[in-house]
Amino acid sequence: MTSAADPYFIRPGRREDVEEIRTLRNDAIQKSTAIWTTVLQPPDEAIAWWDELIGRRAVYVAECDGQVAGFASWSPWRAKEGYRFTGEDSVYVAGEHHGRGLGRRLLATLIDGARESGLHVMLADIESSNTASIALHARLGFETVGTLREIGTKFNRWLDLTIMRLAL
């Protein structure tokens, strides 16, 4: 339920969200260093990825006036079974909804859901110049465990990766 004071409703992701989510992700791919690729996500890939997240109950969506305003998800950090209790979060908020506390609400909901799913540690791999995301994670208890210098590239510049950790 939403109100005039709080227009956002956070709920588990649903199959019908996939195209709005794909649009949000592709916007981040084109305009930011949040996702380290320039290859847009095609519809079939988006459906498979989204269905996998829904199947694990690992994704939450924020709605505002019936439209997707953002989402948060967690994915396994590494494929090998020894890492099965470690996940990596992703949080995306549409530009017009930035600065309203929505990222914090999405991430807090995601943390609770990951804990309930049996995850032991959540990691955040954040492009180091994204100080807003680093601050958001720190406010929710993540600690910086290190920075890997110049390990990626996008938009013709080298990118550093800040790694943050939260014990669940």
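Can you tell me which of TRP50, TRP36, TRP74 is under 15 Å from HIS137 (Cβ atoms), out of contact with any Phe, Trp or Tyr (no Cβ under 7 Å at 6 or more places or on another chain) and hydrophobic (A, V, I, L, M, F, W, C)?
TRP74
Output the residue which, of all residues in segment 125-168 that are open to solvent by 80 Å² or more (accessible area, probe 1.4 Å) and closer than 15 Å to SER32 by Cα, is nearest to the chain's Cα centre (by Cα).
Taking the candidates together, the pick is THR131.
If we scan segment 53-60, do we find a residue that is part of a loop (DSSP other than H, G, I, E, B), of a type outside the set (A, V, I, L, M), within 23 Å of ALA167 (Cβ to Cβ) and open to solvent by less than 90 Å² (accessible area, probe 1.4 Å)?
Checked segment 53-60: at least one residue is part of a loop (DSSP other than H, G, I, E, B), of a type outside the set (A, V, I, L, M), within 23 Å of ALA167 (Cβ to Cβ) and open to solvent by less than 90 Å² (accessible area, probe 1.4 Å).
Give the residue that is surrounded by the most Cβ atoms within 10 Å (Cβ to Cβ), with candidates limited to residues of segment 13-28 that are in contact (Cβ under 8 Å) with a residue 60 or more places away in the chain and not charged (D, E, K, R).
Taking the candidates together, the pick is GLY13.
Kindly evaluate GLU88 against the criterion of being touching a Leu at 6+ places or on another chain (Cβ under 9 Å), open to solvent by 20 Å² or more (accessible area, probe 1.4 Å), more than 18 Å from TYR8 (Cβ to Cβ) and not in a loop (DSSP other than H, G, I, E, B).
Judged against the criteria, GLU88 is a match.
Six or more apart or on different chains, Cβ atoms under 9 Å: show the pairs whose first residue is in segment 116-128 and more than 18 Å from GLY82 (Cβ to Cβ) and part of a loop (DSSP other than H, G, I, E, B) and whose second is open to solvent by 30 Å² or more (accessible area, probe 1.4 Å) and among the polar types (S, T, N, Q).
What qualifies is SER128/THR147.
The values are calculated or read from the model by the stated rules, or taken from the named source; none is laboratory data. Fair warning: this is a prediction, and the values are worked out from it, not measured in the lab. Backbone-built Cβ (ideal geometry, glycine too); neighbour counts: all protein chains shown. For the accessible areas, the whole protein counts, side chains as well, though only heavy atoms, and no ligand, DNA or RNA atoms are used. Shrake-Rupley method; radii C 1.70, N 1.55, O 1.52, S 1.80 Å.
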